[in-house]
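Here, each number is a calculation from the coordinates, and none is a lab measurement. Only a predicted model underlies this, so the values are computations on that prediction, with no experimental measurement involved. For neighbour counting, all protein chains shown are included, and Cβ atoms are generated from backbone atoms with ideal geometry for every residue, glycine included.
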Amino acid sequence: MAFRESGRGYEIKLLVLAGLYLAAGAAAAYLWAGGDPRTYVIGVAAPALAFLLVAVIFQALKFKADPFLLPVVAVLSYTSLVMLYRINQFYAVRQFVWVLAGLAFMFLTTRLFTNYRRLSDYKYIYGLMGAVALIIPIFFGIEEGGAKSWLNFGAFHLQPSEFVKILVVLFLASFMSENRMVLTRDTVTIRGISFPGPRSWGPLLGMWGISLLLLVFQRDLGTALIYFGTFLAMVYVATARMLYIGVGLILFMGGGTLSYFLFSHVRQRVDIWLLNPYNFIELGDRAYNQAYQIVQSLFAIGAGGLTGTGLGGGYPLFIPAVHTDFIFSAITEEMGLLGGVGIIVLYVFFIFRGFKIALESRDDFSKLMAAGLTALMALQSFTIIAGVTKLLPLTGVTLPFISYGGSSLLANFIILGMLLNISHEANAHE
Amino acid sequence: MIDLLLTVFRYIFLLILFVFIFQLIKMVFRDIKHVQPGGASLRAGPAEIAVQDLAPLPGAAAGLAVLVSSDPGLPSGNVYPLKSGEELTLGRGGRNDIFLTGPYSSVEHAAFFGKDGQFWLEDRGSKNGTYLNDIRIDKPTVLADGDRIKIGDVTMQFVRWSYEVESGNRSGPYKEAKRG
């Protein structure tokens, strides 16, 4: 089909446009913040050319993956670079390195795992690796931003739970594609309503309980929420039964209510969300910090207006952790409602293409993996954007591709690579 | 001068973001136009098989032959017997006689039933529809020999045998598929 051949053409055209976007944004940030002119030239040229290079190699290799995902991710990463340069040049330089490393990881993923289906053979290894990666930080980890989920490697800190996300999706996809018939068929009938038997659910729930417990121990509630949501989405994709979603939501509500009464840090976040956050500013310590963060974030978003204060025109540094979790508030302050909505549109677009890849893929494992990875991305971007705009209680997760942070960026680029692989596989056999 | 330049670049930055989004949407629309609904069935599936000389299944007044299917649980060449006075249901749910796994199938998708010497096809409120000779049906419809039924990416043919035959004289690549 003709449009398949021109797909890579779309990609290159969009990447050129994205490069102009970076050049304009970086020009504004540079004019405002100053610095070494070479930083500007390299900071613009290297990422723009690297993305284009990948697209050209894809074309040469006749890689048939979705042509729209890479440009969308490019714009998100460029926004990250520009905003971070404006917030703190030190972070921008490090993020610059991570973006290039992430792109390299994505490319390697598309090369090494082109035959990704054989990954479904090692599901218990993923389960084990995931559990180990989550347990290690409990004993050897350091605490950052209220979550004890970081490993210290000297030059950089690594957050294993970012990578465990991918392992969880891989595990669930392999497990469910193998047991899908069992999951869908009714085995136990109670009062005329059929339920699946415990045999098919035991291992799944076991793995689930363990990872949730670990996350509660690490106080990383945002990640726990995302895991659970992804799990539900994948169960729905595998079985098309609302029953599971209903039960899952009830479990989630129950768990949420329970942790509200059990954990003070959860109670605090919910209170700040439900009640007036200004009241908490008088309270000391942690409550103060969180309420202050939310209040500043709301001020920033409000100050942005329709087109924003312009890069450098706002005061995003008033928000603690603005470079990671709260970067969306900084974008909305300086690029306005338009900029914020534009970024959300790009996420929605990414999610749309992701689910389209899931729909087009030809076997259960690919379908479940594409749907799971997309759900992960959707839930993560929704959770943090809803958190900083006070639509939901704040849970500290990163905004994919934009927040400062190497672990998150690398993991997201690997997810992108996997999605491209699945898409290539589906299109190659058309 | 620098202030002016700064303002200009700030707006260009925002402008290009939206130019990008509009280009993206335009290209995707162009892309979608090339894809027709039910795209899965356009893919080169397993070769269709001739059903004309399909030998009757014992005890069945009619049969349902799978022509095209990408579903490993429902391989093309399978023939399901239809008996008058009995119902044959299709769908994703485990209680169906024919278990569909395709992405376009609903939990209770469609049913065949024999009544008063005729066979009927009924859609059970499926999301993506049941097609009889490429027309979506919305009420129970009588089937005639040679009718094609399409559900998601599975295409089946209805075969009517006007007489019942003794067992044991089947031939060809067809195997009697077990129900349920």
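Computed on segment A:317-430, with alpha-carbon pairs under 8 angstrom and 6+ residues apart, the relative contact order is 29 percent. Counting Cβ atoms of other protein chains within 10 Å of each Cβ in B:20-32 and taking the mean gives 6.
3J(HN,Hα) couplings calculated from phi for segment A:49-55 with the Karplus curve 6.51 cos²θ - 1.76 cosθ + 1.60 (θ = phi - 60°) are, in sequence order, 6, 5, 4, 5, 4, 4, 5 Hz; Gly and Pro show x. Kirkwood hydrodynamic radius computed over chain A comes to 22.5 Å, based on all pairs of distinct alpha carbons. Checked against a 24 Å cut-off, the cross-linked pairs A:LYS390/B:LYS127; B:LYS115/B:LYS150; A:LYS62/B:LYS150; A:LYS356/A:LYS390 give Cα-Cα distances beyond that limit for A:LYS390/B:LYS127; A:LYS62/B:LYS150; A:LYS356/A:LYS390. Remark: A:PHE261, A:PHE413, A:PHE96 ranked as A:PHE261, A:PHE96, A:PHE413, counting other beta-carbon atoms within 10 Å and listing the fewest first. Over all projection directions, the Cα-based convex hull of segment A:353-430 averages an area of 5.5 nm².
At a Cα cut-off below 17 Å, give the lysines reachable from A:LYS123, other chains included and same-chain residues fewer than 8 away excluded. Partners found: A:LYS165, A:LYS367. For chain A, adding -39500 (n - 2.57) for each run of n ≥ 4 DSSP H residues and dividing by the number of residues yields -26000 deg cm²/dmol at 222 nm.
Within segment A:224-264, find all residues whose amide N lies under 12 Å from a label point positioned 7 Å from the Cα of A:ILE344 along Cα-to-beta-carbon. Output list for this probe position: empty.
Selection among A:LEU379, A:ALA46, A:PHE352 by position relative to the dipole of chain A gives A:PHE352 as farthest towards the positive end (Cβ unit charges, Cα centre).
For A:THR114 and B:ASP116, a Förster radius of 56 Å and the Cβ-Cβ distance give a FRET efficiency of 0.50, rounded to the nearest 0.05. What the Cα convex hull of segment A:14-163 gives, in volume per residue, is 132 Å³. Each Cα pair under 8 Å and six or more residues apart adds its sequence gap; the mean of these over the residue count of chain A is a relative contact order of 22 percent. Taking the Cα centre of segment A:2-428 as reference, the dipole from Cβ charges on Lys and Arg (+1) and Asp and Glu (-1) amounts to some 900 debye.
Summary of the geometry: segment B:93-148 and segment A:252-329, compared by the centres of their Cα atoms, lie 53 Å apart. Which whole-angstrom value gives the distance between the alpha carbon centres of segment A:353-382 and segment A:42-78? Taking the Cα centre of segment A:42-78 as reference, the centre of segment A:353-382 is 21 Å away. Spin-label model, A:ASP363/A:ALA386: points 7 Å from Cα along the beta carbon direction are separated by 3.5 nm. Take each residue in B:3-9, count the other chain C-beta atoms within 10 Å of its C-beta, and the mean is 5. Each of the peptides A:159-165, A:11-17 was scored by the mean count of other Cβ atoms within 10 Å over its residues; in descending order, highest first, they stand as A:159-165, A:11-17. Averaged over the residues of A:23-34, the number of partner chain Cβ atoms lying within 10 Å of the residue Cβ comes to 5. Based on the Cβ-Cβ distance of A:PHE140 and A:LEU49, what FRET efficiency does E = 1/(1 + (r/R0)^6) give at R0 = 41 Å, to the nearest 0.05? With R0 = 41 Å, the Cβ-Cβ based efficiency is 0.55.
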